[in-house]
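Okay, so here's the structure we're looking at.
Since every read-out is calculated from the coordinates, none of them should be taken as a lab result. Here the structure is a predicted model, which is why all the values come from computation and not from measurement. When we count neighbours, we look across all protein chains shown, and the Cβ atoms used for this are built from the backbone with ideal geometry, even at glycine.
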Amino acid sequence: MATAIIDVNHEVEAEPRVAEFVIDADVHVTPPPTFWAEYLSPQFRELAPKIESEGDYDYIVFEGTRRAVNLMQSQAGRTFDQYKNAGKLSDMRVGGWMPQQRLHDMDRDGIDKGVVFGGGPLSTGNLELYLDSFQAFNRWQSDFCADSNGRLFACAFLTTVDVDQTIKGLREAKARGDVAVNLPAFPQSLAQFSKEGSVWQAMTGEPNGTRQYRDPEFDPLWATAVELDIALTFHLGARVSRYKDKTNFLPDIVMGKPAMLEPPAIMIYGGVFDRFPALRIGLIEAGVGWIPWACEYMDRTWYMQRHWTGCEIKHPPSHYFDQNIYASFISDRIGVELRHKPGGHNIMWSSDYPHSETTFPHSHKVIADNFAGVPKPEMDWIVGGCAKEFYRLP
């Protein structure tokens, strides 16, 4: 991929390093939509989004729609009073799609390695194009990481409408060198796909659908993940924020964190981790302060209600959080303080670069604030060791 000159936009002073080695468990890429024309399969390239400029905005033109470029995914380096939700491609931080610029920003922010999540597929009513866009995005993202001198590692996006195809995609991701695969928080259905494929569907799926991850249908998928020793993630999919809606954005973004309890709860109560004790699931960008409460409440509820519900799992639910469930946070002092409670061991720090919640370029100040008074070995585990274990990083 092309190298980049150093981005002079939004340059702000970074913080001094307080942790010796930092693995960012959740960073993002924000490629300009022009990349689709190169990475989609040849038969779909003429359908790729186009860019039009007018005044203070660039517009993405696709399938009869015209919408301004979303900047909420690219606020890194701005002060909070400079945030805006739409603008031009030139307003986006170049490190969102140029590997050498990303490495420059990582060096400035004191980040040694990072695991990359992207924006996922196109929103389209063309099912074949929608499915192809998953593969296109995953290829682009892997190329981005391949040009990072071994410091960035990709997490692929897959659908779950067809378990055999999901398994195929899982094997392809492993062969590419991806370290994780992101699934929708709930299984998708073909009927849902047929209405219109969207990024929302890729993150969320169908919460009230007839298919759930506890079902035996998905056991071959879990078995394959264990065989390949690859991590699976859910990324804020249980409740997706309405980024263009100023009225609902703030409550949405708050509720998006604890809503991430539902997918692992379904799997725990459904016995998935009894059948696959080596399966690793990551709740990415979910925050962690709510997890010890969830473990306590799940244990109590299971103990009281297990007989009439027929829930015959081998251990209390908190056992599976400690054994199988990992979670990442950005700034969560309460979660750090509760690290010795059930569910508190497998927690990972992240910067969320370059999204609007990012800690860049003050990540080490955030780490210092979150870990004040925490013994260094415990801080080192949360800001590096845990992510290395979960993603099996070199």
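To the nearest whole percent, what portion of all C-alpha pairs in the stretch 251-335 is separated by more than 18 angstrom?
Summing the P(r) of the stretch 251-335 above 18 Å gives 41 percent of all pairs.
Rank the residues Val27, Val336, Val179 as a footprinting-exposure proxy: fewest other Cβ atoms within 10 Å of their Cβ go first.
Details: Val27 28, Val336 24, Val179 21.
Listed from fewest to most nearby Cβ atoms, that is Val179, Val336, Val27.
How large is the translational diffusion coefficient of the chain in µm² per second when you combine the Kirkwood radius over alpha carbon pairs with Stokes-Einstein at 25 °C and 0.890 mPa s? Mind showing how you got there, number by number?
On the way: Rh = 21.5 Å.
The diffusion coefficient I find is 114 µm²/s.
Please compare each pair in Lys246/Lys365; Lys341/Lys365; Lys257/Lys314; Lys113/Lys246; Lys174/Lys388; Lys50/Lys168 to a cut-off of 22 Å on the Cα-Cα distance and tell me which ones are over it.
Too far apart for the 22 Å limit: Lys246/Lys365; Lys341/Lys365; Lys257/Lys314; Lys113/Lys246; Lys50/Lys168.
What does the helix-only formula give at 222 nm for the chain: each DSSP H stretch with n ≥ 4 adding -39500 (n - 2.57), the total divided by the residues, and the result rounded to the nearest 500 deg cm²/dmol?
The per-residue figure over the chain is -10000 deg cm²/dmol.
Working out 0.36 nm times the residue gap between Asp252 and Arg171, then minus their Cα-Cα distance, what length gain in nm do you get to one decimal?
25.7 nm
Can you put Glu285, Glu172, Glu52 in order of Cβ neighbours within 10 angstrom, beginning with the fewest?
Glu52, Glu172, Glu285
Cut-off is 10 Å between beta-carbons; in what order do Phe234, Phe134 appear when sorted fewest neighbours first?
In order of increasing Cβ crowding within 10 Å: Phe134, Phe234.
Evaluate the distance, in nm, between pseudo-label points positioned 7 Å from the Cα of Thr210 and of Lys365 along their respective Cα→Cβ axes.
Spacing of the two 7 Å Cα→Cβ label points: 5.5 nm.
Enumerate the amide H contacts of Asp26 below 5 Å, restricted to partners 5 or more residues apart or on another chain; note that Pro and chain-start residues carry no placed amide H.
Residues meeting the criterion, in which the H sits 1.01 Å from N, are Val115, Ser351, Asp352.
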